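Since the structure comes first, as structure tokens, the remarks are kept for the end.
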Amino acid sequence: MKKIVVFCGSSLGFNPIYKNAAIELGNYFVNNDITLVYGGGKIGMMGVLSETILNKGGKVIGIIPALLKKEEVVNPHVTELIVTKTMSERKILMSKMIDGYISLPGGFGTLDELFEGLTLGQLHIEQKPNGLLNINGFFDHTLKQLEVMVSEGYLKQENKEMLLVGNNVSELMLKMDSYIAPEKSAVINKVINHDHKL
């Protein structure tokens, strides 16, 4: 993988363990020549991750919607800054540019991006690895909700397993590197073929 998008909070949280995880991931990217693609911010987890990579000579591509492009928010030091008109346009551009997704601790925006990536994989629009860095058990309750969805018949087990979970950077990256996307189901093939006929 040459380019990975990372979703994470614009806050640092209360526990320094999350900041340290962002630093560790940033160092991994630099050591393995992986370009970071992210939301373009200089604050919170986003800022720590991007500055860790930039300070060691790594590459960072920031993609930010015009409505968020404020001097106190945007990181002016990124290797490349792309300004989009809308949030939706940013998501599409990120999707086309990257080889995989990683989510670190964050809020609504992080969960939105996480589940959009998984949905694209479930529908076989993409076949990219989608990783969750579950530092300090941050996402335990989110993962529990996925189990409820499976047990109640709203999520297939094989689709749940598309989400790659690691409790540390090395564990997660090993899973990302060895990911094999599930094959298309007969139902998905029917839907895709039907859409092509319209």
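The values are calculated or read from the model by the stated rules, or taken from the named source; none is laboratory data. As the structure is a computational prediction, the values presented were derived from the model and not from experiment. Heads up, the Cβs are rebuilt from the backbone with ideal geometry, glycines too, and the neighbour counts pull from every protein chain shown. These accessible areas exclude ligands, DNA and RNA; they are computed on the full protein's heavy atoms, side chains included. Shrake-Rupley method; radii C 1.70, N 1.55, O 1.52, S 1.80 Å.
Observations, loosely collected:
- Lone unmet requirement of (1) open to solvent by less than 40 Å² (accessible area, probe 1.4 Å); (2) small (Gly, Ala, Ser); (3) at pLDDT 95 or above for residue 153: (1)
- Matching residues in the range 96-133 - criterion: being within 22 Å of residue 178 (Cβ to Cβ) and either of a type in the set (S, T, N, Q) or touching a Pro at 6+ places or on another chain (Cβ under 9 Å) (or both): 99, 100, 101, 102, 103, 121, 122, 124, 127, 130, 133
- Boolean, residue 18 is out of contact with any Ser or Thr (no Cβ under 8 Å at 6 or more places or on another chain), within 16 Å of residue 110 (Cα to Cα), among the aromatic types (Phe, Trp, Tyr) and at pLDDT 95 or above: yes
- The lone exception for residue 80 - which of (1) open to solvent by 50 Å² or more (accessible area, probe 1.4 Å); (2) modelled with pLDDT under 95; (3) not hydroxyl-bearing (Ser, Thr, Tyr) it fails: (2)
- Count - residues of the range 162-178 that are open to solvent by 50 Å² or more (accessible area, probe 1.4 Å) and closer than 18 Å to residue 125 by Cβ: 0
- Residue ID - nearest to residue 179 (Cα to Cα), chosen from residues in the range 1-49 that are touching a strand residue (DSSP E or B) at 6+ places or on another chain (Cβ under 6 Å), of a type in the set (A, V, I, L, M) and assigned to a loop (DSSP other than H, G, I, E, B): 1
- Residues in the range 50-76 that are part of a helix (DSSP H, G or I), under 18 Å from residue 90 (Cα atoms) and either among the aliphatic types (A, V, I, L, M) or open to solvent by 70 Å² or more (accessible area, probe 1.4 Å) (or both): 66, 67, 68.
- Unmet criterion (only one of (1) small (Gly, Ala, Ser); (2) open to solvent by less than 40 Å² (accessible area, probe 1.4 Å); (3) over 18 Å from residue 29 (Cα atoms); (4) within 17 Å of the chain's Cα centre (by Cα)) for residue 131: (3)
- Top-ranked residue in the range 83-121 [being open to solvent by less than 20 Å² (accessible area, probe 1.4 Å) and assigned to a strand (DSSP E or B); ranked as nearest to residue 33 (Cα to Cα)]: 100
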